[in-house]
Amino acid sequence: MTIADRQGLRGAFGPRAVPVGVLLIAPAVLYLAVFYLLPLLDIVRRSLVVDGELSADNYIDFFTTPAYVTILLRTIGMAVGATVLCVLIAYPYAYLMTIVSNRTRAVLLGVVLVPFWTSMLARTYAWLVLLQDSGPIKSGLALLGVDVPLLRTPAGVLIGMVQILLPFMVLPLYNTLASIDRRLLAAARVLGANPLSAFAKVYFPLSLPGVLSGGVIVYVLSLGFYVTPAVLGSPQTSLISQLIVQELSQRLAWGSAGAMSVILIVLTLVFLALASRWLNIRALFSREVIR
Amino acid sequence: MTRSRRPVLLGIFAAIVGVILFLPGLAVIPMGFNGARTMRFPPDTWGVDWYLNFFTNPAWTGSLVTSFAVSLLAAVLATVLGTLTAFALIRHRFPGKPIVTGLVLAPLVTPIVILGLGDYSLFLQWQLTGSLPGFVLAYTVIALPYAVITVSASLAGVERQYELAASVLGASKFSVFTKITLPLISRGMAAGFLFAFVTGFDETVIAIFLSDPGFRTLPVTMYSSMTREVDPTIAAASAVIMLTTTLILLAYVSLTKGPHASGNARRR
């Protein structure tokens, strides 16, 4: 006890710990109150005050304008699409990471991590060039007899989004898959299960926390995408973030842009509240992964 | 039989995924060497004009310098705030801890357009748009979660015995902190700083709101050359940014691979 007293390391349990903790956390809390919460509150204020009076007109306008509702639904649809695609691509990839040698695993991890870091904007530009009508991907598909437009279509936007979001799915998924005891699969086989049902009844249920954890973060990030749909999409594929910018830059409609922002953030928060038990931001940064 | 066949299919699949993840990154380097003013890929003719333009045209160099300054200052501020916060979260109790943790991480999941709109709305009233302080204050918010997460992870791995030992041997609280704790978490702080820097360096949406013609960051210059005037210099800019961020990633990996970053890390 005396050692701990002299050290001031009574830490979590000492009576003096509370003031120290408060002192340490105060700067960040004050900072975020002024530069995070205040801007958000300012948006809420602008959305609710019309001509100096409290009003819900901006919200009513939004939900009674079919074009706006369409964009909101499209945003949700694209987010769901991006999430599903990320799961479908990341699952086999993360699974492979669990069964290969350490060296191969390091390479597979590097392949996922490098794009995680490289500029999103630079990658989006690259897709703009690669997906264009005279670009290599279109020509490659034409050789296979497939002729589909990619740039300025939802498919093009999805390709760009999935490429950016994939690491957010692979990392938590790998963490979960790596923790599954593979002897359970062998046990299921011994007990008479074929490989498919051993996977479906044993492995997959155990991997669900990873799928959900990655899915939550990918879905939430998808809802707020701006640059990728703006560069790779067209006005016909625009998402809610673009609509918000457009309301402000073209109409200077602060109230309307504010209401859309509030709707978007409520949508995000409601989803996060429902899915919070699966949200594990730290999994993305765990030393297990970054190492 | 099935055992050997499955990994082959998976391997092919993983290779395709790898190409999709890497392809755009690698493609921007030759794109910058296009000899003509087109977006054709692969280019018909080759030249170094766009790389030269990137490093000599004041519109590009100016925004590159601005981006560096803004990201650097925001990363410093975020690392300092983040370290204090990590100490509070890992080592202390205080009222409302779960809510505060949520608040600190919230900018990560807040749609960036909303942050941009809110900052713009507020900074117009405070006359901070198109200014260095405005950018730094806004970027610190989005960089802070990364700093907190990295420093927390590092701090959680510090063995308390080292600090106790120093203290038993007569070190004051202050020198225990500066001579034991701080060196042990310095790699985590450096990693957090790099993460925070890259976050600001690549940020586009808040920058679109806060920039004005006299003060704009590199992503805004790049974005407008993608959407308005098609200036092939953007390919060179993309390649330079890509290489810069990759070098920072390598620095980050070497930091997190160190002996104090992880219990059983091996040097390869």
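The values are calculated or read from the model by the stated rules, or taken from the named source; none is laboratory data. Keep in mind the model is a prediction, meaning the values are calculated, not measured. A quick note on method: Cβ atoms are made from the backbone with ideal geometry, for glycine too, and the neighbour counts reach across all protein chains shown.
Of everything listed in (1) over 30 Å from residue B:184 (Cα atoms); (2) assigned to a helix (DSSP H, G or I), the single unmet condition for residue B:149 is (1).
Here the stretch B:113-166 is the region considered, the condition is being touching a His at 6+ places or on another chain (Cβ under 8 Å) and surrounded by fewer than 24 Cβ atoms within 10 Å (Cβ to Cβ), and the residue that is nearest to the other protein chains (Cβ to nearest Cβ) is B:157.
On inspection, residue B:202 passes the criterion of being of a type in the set (Asp, Glu) and within 11 Å of chain A (Cβ to nearest Cβ). The test for being more than 10 Å from chain A (Cβ to nearest Cβ), surrounded by 15 or more Cβ atoms within 10 Å (Cβ to Cβ) and over 30 Å from residue A:108 (Cβ atoms) holds for residue B:50.
Is it true that residue B:22 is facing chain A (nearest Cβ under 7 Å) and under 30 Å from residue A:90 (Cβ atoms)? Walk me through it before giving the result.
On the way: facing chain A (nearest Cβ under 7 Å): yes; under 30 Å from residue A:90 (Cβ atoms): yes.
Yes, satisfied.
Rundown of residues vs (1) hydroxyl-bearing (Ser, Thr, Tyr); (2) surrounded by 21 or more Cβ atoms within 10 Å (Cβ to Cβ); (3) within 11 Å of chain B (Cβ to nearest Cβ), yes/no style:
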residue	(1), (2), (3)
A:118	yes, yes, yes
A:143	no, no, no
A:152	no, no, no
A:156	no, yes, no
A:187	no, no, no
A:194	no, no, yes
A:220	no, yes, yes
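Under the condition of being over 19 Å from residue A:29 (Cα atoms) and either in contact with a Cys (Cβ under 7 Å, 6 or more places away or on another chain) or among the hydrophobic types (A, V, I, L, M, F, W, C) (or both), the residues counted in the stretch B:99-134 number 9. Taken residue by residue, the stretch B:224-243 has at least one member that is buried (at least 16 other Cβ atoms within 10 Å of the Cβ), outside any helix (DSSP H, G or I) and either at pLDDT 90 or above or among the charged types (D, E, K, R) (or both). The residues of the stretch B:89-112 that are surrounded by fewer than 22 Cβ atoms within 10 Å (Cβ to Cβ) and over 18 Å from residue A:272 (Cβ atoms), listed by number, are B:90, B:91, B:92, B:93, B:94, B:95, B:96, B:97.
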